[in-house]
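Comments concern the structure below.
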Amino acid sequence: MQATAASFLARPLPWPRRSTYGAVAVHGGVSPLPPRLRGVRCSMSLSIGAGSSDIGDNGFSYQYAPVFRRYRERDPYKLLGVDRDASEEEIRSAKDFLVQQYAGHEASEEAIEGAYEKIIMKSYQHRKKTKINLKTKLLKRVEESPSWVKAFLGYFEVPSMDIISKRLFFFAFIAGWSIATSAENGPAFQLAISLFSCIYFLNDKMKNLLRASTTGFGVLVGGWIVGSMLVPLIPTFIIPPTWSLELLTSLVAYVFLFLGSTYLK
């Protein structure tokens, strides 16, 4: 009796089979499912990657970023909150502050950056137009000037900034050398180097050594005469005690030599 009971309990129970019509198939027939188990469905909304455009690299949701209220303003100055006579530094600071405050809102950032670029471009065009107008006015005045003025201006030219900077550096070095050695001896050697350099620069343009030498020597003499007239007018408390009259006059001559070798044709 006990063995029969044990074998009965060890036998697996039949597993009900679900039919396609809301019933369970069991041994001996089909039994309908209770109403609460019919049509049970499991629904889950998984949106993988949904809204990825609103999620930043650090998981920050841009849909909650602050919105710049003036981002639809057409006037770039009003949009950035600066005056029309504000400097470029003030405009840049205002732009950086607003971009930092409204970071994450794409429309606000684009409006702020666009307003800044409009102001900078307008400022650049204004400066360019002013330079063109100034050059035009100068040319017009030269054309309307007397003939002797035109003839005088015909001896001068404006070289490139590279040439101007190089020659300015050279004569500034000669002047500094003269000041550094003024206590030991006079600037005669430095003046000679400056004169020969001026003649070399002029001959490079004139292609005439005799004319270049005459012009360079005349520039040196003119600078020395003007220096001799100007130096006594300088207050003595401004001049260092180690600077002699000869040194100050030579400094004025260096200026004339620089101008002559750079701007004379």
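A simple spin-label model places pseudo-atoms 7 Å from Cα toward Cβ; at LEU259 and ALA107 they are separated by 6.2 nm.
Extending 7 Å from the Cα toward the beta-carbon at both PHE237 and ASP96 defines two label points whose distance is 4.3 nm.
Excluding ligands, DNA and RNA, the accessible surface per residue across segment 156-263 is 59 Å² with a 1.4 Å probe. For segment 212-265 and segment 89-123, compute the distance between their C-alpha centroids and round to whole Å. Each part reduced to its Cα centre gives a spacing of 52 Å.
The solvent-accessible area of GLU106, taken with every protein chain present and a 1.4 Å probe, is close to 120 Å². Taking 23 Å as the limit for the C-alpha separation, the pairs LYS78/LYS118; LYS122/LYS166; LYS128/LYS166; LYS128/LYS205 exceed it in the case of LYS122/LYS166; LYS128/LYS166; LYS128/LYS205. With a 1.4 Å probe rolled over the protein heavy atoms of all chains, the accessible area of LYS95, LYS207, LYS78 falls in the order LYS207, LYS78, LYS95, largest first. Among the protein heavy atoms of segment 156-263, carbon and sulfur supply 74% of the accessible surface, probe 1.4 Å, non-protein parts ignored.
Spin-label pair GLU89-PHE196: with each label point 7 Å from Cα along the Cα-Cβ axis, the two points sit 4.7 nm from one another.
The values are calculated or read from the model by the stated rules, or taken from the named source; none is laboratory data. What you see is a predicted model; the values in this text were computed from it and never measured. Note: ideal-geometry Cβ built from the backbone for every residue, glycine included; neighbour counts use all protein chains shown. Each accessible area value is taken on the protein alone, full model and side chains, heavy atoms only, with ligands, DNA and RNA left out. Shrake-Rupley method; radii C 1.70, N 1.55, O 1.52, S 1.80 Å.
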